[in-house]
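None of the figures in this text is laboratory data; all of them are computed from the coordinates on show. Remember, it's a predicted structure, so these values are computed and weren't measured experimentally. Quick reminder, even Gly has a Cβ in these numbers, built from the backbone with ideal geometry, and neighbours come from all protein chains shown.
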Amino acid sequence: MEEEIYNLQLSENKSVPVHIERKNIRNYYIKISPDLNIVVPIPLKQDIETIYRFLNSTKTKKWIEKNINKFQKAKEENIKDDLTNGGTVKILDSQYIVYIYESMNDKVVLDGFNLYIYSKNAKDKSYIQKQYNEFLKTEAKPYFQKVMDKFLPIFKKYNIPQPTLKVKPLKSKWGSCRPTTAEITLNLHLYKVSDQCINYVILHELTHLVHPGHKKRFYNFLQKYMPNYQEIEKKLDVEAGQVLY
Ligand SMILES: [Zn+2]
């Protein structure tokens, strides 16, 4: 993989890893995701010394510090799933209000913009979280499968094996693909972002069945079937700020 991790010294006792990735783009830029992962996508033929100079400039370092602080603060007061009575959760980029009831049987129901959780252990936070994750999974998997099936005709002529889909909570990525077994794993939390972003992630992973790495061919393929994929990628970063934790 065309990736390099550069250790950037911010101050005397603070350094941060910066992921430098070669991509099919025209200009390099820098981004920080809410989990404080710093990535610098650079053009395929970019000379690396320019990048090191860019990273070590006072301006860049200031920008990094500022954003690290911003995200750390946002994390503390994050709009993440709040599975308590009156709290809110996000599903497909919409907000739902949570109601929890003690009940003989466990059940989770979406009605309008309300989420009702009936629970045998209504006071047990981790039990409620587990119940909700199970619910998300039963909703997300057929949804993801449908999106995947929609894209499959594109791949017919590339003679790829029939992909299988797995859904589970992941900490730091939206999805992964193992080309040898055609196994695609998607982050359960992907169900919280918009349909457009879900489509992008699934097409991205399917494309790996044809082009395993992130080389130029890979991006040309994405570009062909999703011309605005870069825009969606950025949107995903923003939405992720609200749902990934
Ligand atoms: Zn990828």
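What angle, in degrees between 0 and 90 and rounded to the nearest 10, separates the Cα long axis of helix 125-155 from the longest principal axis of the Cα atoms of the chain?
60 degrees
Using the 10 angstrom Cβ neighbour count as an exposure proxy, how do 60, 207, 180 rank, fewest first?
If I rank by nearby Cβ atoms, fewest first, I get 180, 60, 207.
What is the pair-distance distribution P(r) of the chain, computed from all Cα-Cα distances in 10 Å bins starting at 0, with each bin given as a whole percent?
7, 26, 30, 23, 12, 2, 0
Quick one: length gained pulling residue 33 to residue 84 fully straight, 0.36 nm per residue minus the C-alpha distance?
15.7 nm
How much length would be gained if the chain were fully extended between residue 113 and residue 50, taking 0.36 nm per residue of separation minus their Cα-Cα distance, in nm to one decimal?
So the chain would gain 17.7 nm between residue 113 and residue 50.
Among the listed pairs 141/192; 168/215; 70/192; 90/235; 31/173, which have their C-alpha atoms separated by more than 20 angstrom in this model?
Check vs 20 Å cut-off fails for 168/215; 70/192.
Hey, rough spin-label estimate for residue 160 and residue 183, points 7 angstrom out along Cα→Cβ, what's it come to in nanometres?
Result: 1.7 nm between the two label points.
Longest segment of the chain with no GluC sites (Glu not before Pro) in a DSSP loop having at most 16 other Cβ atoms within 10 Å?
Result for the longest clean stretch: 78-245.
Quick one: if the Förster radius is 22 Å, what FRET efficiency do residue 69 and residue 234 give, using the C-beta to C-beta distance and rounding to 0.05?
Taking R0 as 22 Å, the efficiency between residue 69 and residue 234 is 0.55.
Roughly speaking, what is the centre-to-centre gap between the range 157-200 and the range 6-41 when only Cα atoms are used, to the nearest Å?
Value for the Cα centre distance between the two parts: 25 Å.
Give me the base-10 log of I(q)/I(0) for the range 84-227 at each q in 0.08, 0.10, 0.20 Å⁻¹, Debye formula, one uniform scatterer per Cα, rounded to two decimals.
The Cα Debye sum returns log10 ratios of -0.28, -0.42, -1.14.
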